[in-house]
Amino acid sequence: MIKNPNFKVILVGDGSVGSSFAFAMTLKGLGRELGIIDINKKKTIGDAMDLNPVLTYNSTKLIYSADYSDCKDADLVVITSGAPQKPGETRLQLVDKNLKIIKDVVDNIMKSGFDGLFLVAANPVDILSYAVKEFSGFPRERVISSGTSLDSARFCDEISRFVGVDRRDITAYIMGEHGDSSFPCWSNANIAGKKATEWIAEKTDDLEAAKEKIYTNVRDVAYRIIENKGATYYGVATVLARICRHIIEDSHSIITVGACLEGEYGLSGVYMGTPCVIGRNGIEKIIEVELDEKEKELMEKSFKALKEVQDKGMAKVREN
């Protein structure tokens, strides 16, 4: 049951991800209002006109083309704006141009008097989420990164395909960066209380090769999608809507989002993918998963890769 049906969401960025998110939210009937902001005002007007008739079948919600002033009484602002990832381009290579965009977006949102939660999905999402936290001055629990939520869903899907078990019965996390330095947390992956690696071993004579193939498929699928259709958007839009549901329903559900670490895993000052408890107040608890020695090394490696790029990018923005 939705505990807060009067929830107001503002979406900033009406590109492929943003419009797909708006559609997902409409189909799920989440919240009472969805305002859409984009530099292309006509696009937001058109999307609102296109989506509103759908509400005839499932909701009394209001969808409209919004301005930054509408953020004032919003409960949640979802940011998907930014330059898209091009074929062959890594997420980290987007950092400089998208940091400038994010600073302008956050400055305009904060001028409205906004005092809710941020949910960030623009890439590189870990670094941009940290920037949103810094530019807004909000505490870490009120700025949520989509992080490795989609990666983890893809991980469960790949394991499901390999072992022949419903993906919904699999618990498995991709952690670290939402990008090339992410890693699979095999030590905690399980199906019905039995290690996922045991299930996989029953299907192959080469467990390590199977594990590597499963993870490589997860890591590289975005590049393959971009090569085939130019961009990825349905997956992340669906995951964003799921995170919104957890916030609106105050469900205290666990999902692998990006959280700003402050001592967890012995690391601080970077957003990284890790399981978290999500509710009306944002990130209510960061779950510090027990990692094996190899996974600890991979977590630190991912941290260093992000921190180096983040520090350089933030320094450039602050100079201007």
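Miscellaneous remarks
- Legend: residues Thr80, Thr148, sorted from most to least accessible area (1.4 Å probe; ligands, DNA and RNA excluded), read Thr80, Thr148.
- Rg to Rh quotient for the range 91-170, alpha carbon positions, Kirkwood Rh: 1.15
- Rounded to the nearest 20, the size of the Cβ-charge dipole of the range 148-315 about its Cα centre is 560 debye, with Lys and Arg at +1 and Asp and Glu at -1.
- Rg/Rh for the range 205-320, where both radii come from Cα atoms and Rh is the Kirkwood radius: 1.01
- Computed about the Cα centre, the dipole magnitude for the chain is approximately 840 debye when only Lys and Arg (+1) and Asp and Glu (-1) carry charge, each at its Cβ.
- Most mobile listed residue (Ile287, Ile248, Ile174) in the chain, GNM with C-alpha springs under 10 Å: Ile287
- Percent of Cα-Cα distances greater than 24 Å, calculated over the chain: 52
- Helix 95-111 and the longest principal axis of the Cα set of the chain meet at an angle near 40°.
- Cα-Cα over 29 Å, subset of Lys8/Lys111; Lys203/Lys285; Lys42/Lys97; Lys229/Lys285; Lys103/Lys304; Lys194/Lys307: Lys203/Lys285; Lys229/Lys285; Lys194/Lys307
- For the range 8-145, with +1 on Lys and Arg beta carbons and -1 on Asp and Glu, the positive-most of Ala24, Phe135, Ile63 along the dipole: Ala24
- The range 257-272 and the range 5-23 have their alpha-carbon centroids 27 Å apart.
- Within the range 189-248: Cβ-based charge dipole about Cα centre, in debye rounded to nearest 20 (Lys, Arg +1; Asp, Glu -1): 420
The values are calculated or read from the model by the stated rules, or taken from the named source; none is laboratory data. Every value quoted in this text rests on a predicted model; they were computed, and no experiment measured them. Neighbour counts run over all protein chains shown; Cβ positions are idealised from the backbone, glycine included. Just so you know, the surface numbers come from the protein's heavy atoms only, side chains and all, with ligands and any DNA or RNA stripped out. Shrake-Rupley method; radii C 1.70, N 1.55, O 1.52, S 1.80 Å.
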